[in-house]
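Taking it in order: structure first as structure tokens, then the write-up.
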Amino acid sequence: MDILVPATSANLGPGFDSLGLALGLYNKISITPTSITSIQIAGEGQENVRLKTNNIFVKIFSQILQAHGKEGSFKFSFENNIPVSRGLGSSSAIIVSAIYAAFLYMGKSCDKKSILNLAIEYEKHPDNITPAIFGGFNVALLEHTDNNTKQNVINIHKEIPQDISAVVVIPNKSISTKLSRKSLPKTYGIRECIFNLSHASLLTAAFLTNDWEKLTLASRDRIHQNIRMKNMPILFRLQHIALQNGALSSTLSGSGSSMLNICYKENSPKLARVLAQSFPRFKVLELGFDNLGVREI
């Protein structure tokens, strides 16, 4: 069986840990029953020996099978296009696709809500796992139940139309998610909180109503983005150039270091060209948005 899972971009400016979307950039996983388990990796991470000796996908896939009294040996072939540690949801893609593949192999219903609430046990940030499962634009939050012993993900999903595109800029260095989160304040003032609440609400409304002209204002943030971008100051210049050359919004993707630039599809080639010329050491990708999420192909 063959599984396809999209890259994601989370936070989306003011939507810290709440808003995310799926990109037209994919990892493909092929799984074939065999007598001896083997792992092949092409693309991102193919030279990382640890990904073969301590593969998270294989661990989660095996754990799900064992939890249902199943076992077996398999040939796992990974075709990885999602960069690792660049804020494009590579970890979420692994978790989501492993659970989906295990359900599919066992012949169980691949109910995406069930997969979502199982995935949250491995990845605590619903803004990344939700779009990897459903595709499109997602608002997600954690609902605590059973005396805070269990968490359910509540989400609203909206397909993204084809008249807008993404230009993703991927720096040649990473920003550690754990370290960048530690650099954030422990508390925030009421002004910062109201600012982000209002802007995240406007950003959500813009996606739900396709009001793309509101994205520039709506994507402003006072909670996390500027603090994280200070770890790689060149990103401020990148953001400025993007907004001056057709980007409707330019936000840190996840915790970075990649930048997500949303624009009208007709402006995508020019924006990509300008960013590639301005930052020749960075990778620039013109991408559509994925509206299907993880799936069998």
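Net charge near GLY15, counting Lys/Arg +1 and Asp/Glu -1 over other residues with Cβ under 11 Å of its Cβ?
Details: positive: none; negative: ASP17, ASP127, ASP221.
Around GLY15, the surrounding residues sum to -3.
Please find, in a Gaussian network model of the chain (springs between Cα atoms separated by less than 10 Å), the residue of GLU71, GLU123, GLU159 whose mean-square fluctuation is greatest.
Of the options given, GLU71 has the highest mean-square fluctuation.
Once the Cα atoms of helix 190-209 and of the chain are each reduced to a long axis, what angle between those two axes, in degrees from 0 to 90 to the nearest 10, is obtained?
Result, in degrees: 70.
Once you list every other residue whose beta carbon is under 14 Å from the beta carbon of VAL284, what net charge do they have if Lys and Arg are +1 and Asp and Glu are -1? Please report the intermediate quantities before stating the final value.
Details: positive: ARG86, LYS270, ARG273, ARG281, LYS283; negative: GLU286.
In short, +4.
Over the Cα atoms of the range 162-224, how large are the radius of gyration and the largest Cα-Cα distance (Dmax), in Å?
14.9, 40
Find the accessible area per residue for the range 1-43; the probe is 1.4 Å, ligands and nucleic acids are left out, and the unit is Å².
Details: 1330 Å² over 43 residues.
I get 31 Å² per residue for the range 1-43.
With every protein chain kept in the model, how would you rank ASP127, ASP163, ASP211 by accessible area, 1.4 Å probe, largest at the top? List each step's numbers first, then the result.
Numbers: ASP127 5, ASP163 80, ASP211 55 Å².
Reading off the accessible areas and sorting them downward yields ASP163, ASP211, ASP127.
So for the range 99-145, what are the equivalent ellipsoid semi-axes in whole Å, largest first, each being the square root of 5 times an eigenvalue of the Cα gyration tensor?
Numbers: eigenvalues 75, 31, 15 Å².
Those come to 19, 12, 9 Å.
Filter the trypsin sites (Lys or Arg not before Pro) in the range 31-104 down to the DSSP loop ones having no more than 13 other Cβ atoms within 10 Å, then list what survives.
On the way: sites: ARG50, LYS52, LYS59, LYS70, LYS75, ARG86; in loops: LYS70, ARG86.
Listed in order of number, the matching sites are LYS70.
Provide Rg and Dmax in Å for the range 195-297, with only Cα atoms included in the calculation.
According to the Cα coordinates of the range 195-297, Rg and Dmax are 14.3, 43 Å.
With every protein chain left in place and a probe of 1.4 Å, what is the accessible surface of LYS112, to the nearest 10 Å²?
The accessible area of LYS112 comes to roughly 50 Å².
Suppose every Lys and Arg Cβ carries +1 and every Asp and Glu Cβ carries -1, with no other charges. What dipole size does the chain come out with about its Cα centre, to the nearest 20 debye?
That gives the chain a dipole magnitude of about 940 debye.
Return a whole-number percent for the relative contact order of the chain, with Cα pairs under 8 Å and 6 or more residues apart as the contact set.
Relative contact order, the chain: 26 percent.
Taking all protein chains in place and a 1.4 Å probe, what share, in percent, of the accessible surface of the range 188-283 do carbon and sulfur account for?
Numbers: 2570 of 4700 Å².
Of the solvent-accessible surface of the range 188-283, carbon and sulfur hold 55 percent.
For the chain, set up a Gaussian network in which alpha carbons nearer than 10 Å are linked by springs, and say which option among LEU142, LEU215, LEU51 fluctuates the most.
Judging by the Gaussian network model, the answer is LEU51.
Please build a GNM for the chain, connecting alpha carbons under 10 Å apart, and tell me which residue among VAL284, VAL49, VAL96 fluctuates the most.
VAL49
With each run of n ≥ 4 DSSP H residues scored as -39500 (n - 2.57), what mean residue ellipticity at 222 nm is computed for the chain after dividing by its residue count and rounding to the nearest 500 deg cm²/dmol? Kindly include the intermediate steps, with their values, before the conclusion.
On the way: 11 runs with 106 residues, N = 297.
Using -39500 (n - 2.57) per qualifying helix, the result is -10500 deg cm²/dmol.
Relative to the longest principal axis of the chain, what angle (0 to 90°, nearest 10) does the C-alpha long axis of helix 90-105 take?
Approximately 40 degrees, to the nearest 10.
Could you pull out which residues in the range 1-27 have an amide N less than 16 Å from a spot 7 Å beyond the Cα of GLN162, following the Cα-Cβ vector?
Only 24 fall inside the zone, counting backbone N under 16 Å.
So what does the Cα-only Debye profile of the range 27-147 read at q = 0.10 Å⁻¹, as log10 I(q)/I(0), no solvent term?
-0.31
Kirkwood hydrodynamic radius for the chain: how many Å is it when counted over pairs of different Cα atoms? Display every interim value, and only then the final one.
Numbers: mean 1/r = 0.0510 Å⁻¹.
After inverting the pairwise mean of 1/r, the radius is 19.6 Å.
Can you give me the Cα centroid spacing of the range 1-71 and the range 185-256 in angstrom?
Each part reduced to its Cα centre gives a spacing of 29 Å.
So how strong a dipole does the range 85-188 carry about its Cα centre when Lys and Arg Cβ are +1 and Asp and Glu Cβ are -1, to the nearest 20 debye?
About 460 debye.
If each residue of separation counts as 0.36 nm, what is the full-extension length gain between ALA42 and HIS240 once their alpha-carbon separation is subtracted? Don't skip to the answer; put the middle values down first.
Working: separation 198, 0.36 × 198 = 71.28 nm, distance 3.49 nm.
My answer for the length gained is 67.8 nm.
The values are calculated or read from the model by the stated rules, or taken from the named source; none is laboratory data. Computed from a predicted model, the values in this text were never measured in an experiment. Every residue, glycine as well, gets a Cβ built from its backbone with ideal geometry; the counts of neighbours run over all protein chains shown. SASA here: full protein model, heavy atoms, side chains in, ligands and nucleic acids out. Shrake-Rupley method; radii C 1.70, N 1.55, O 1.52, S 1.80 Å.
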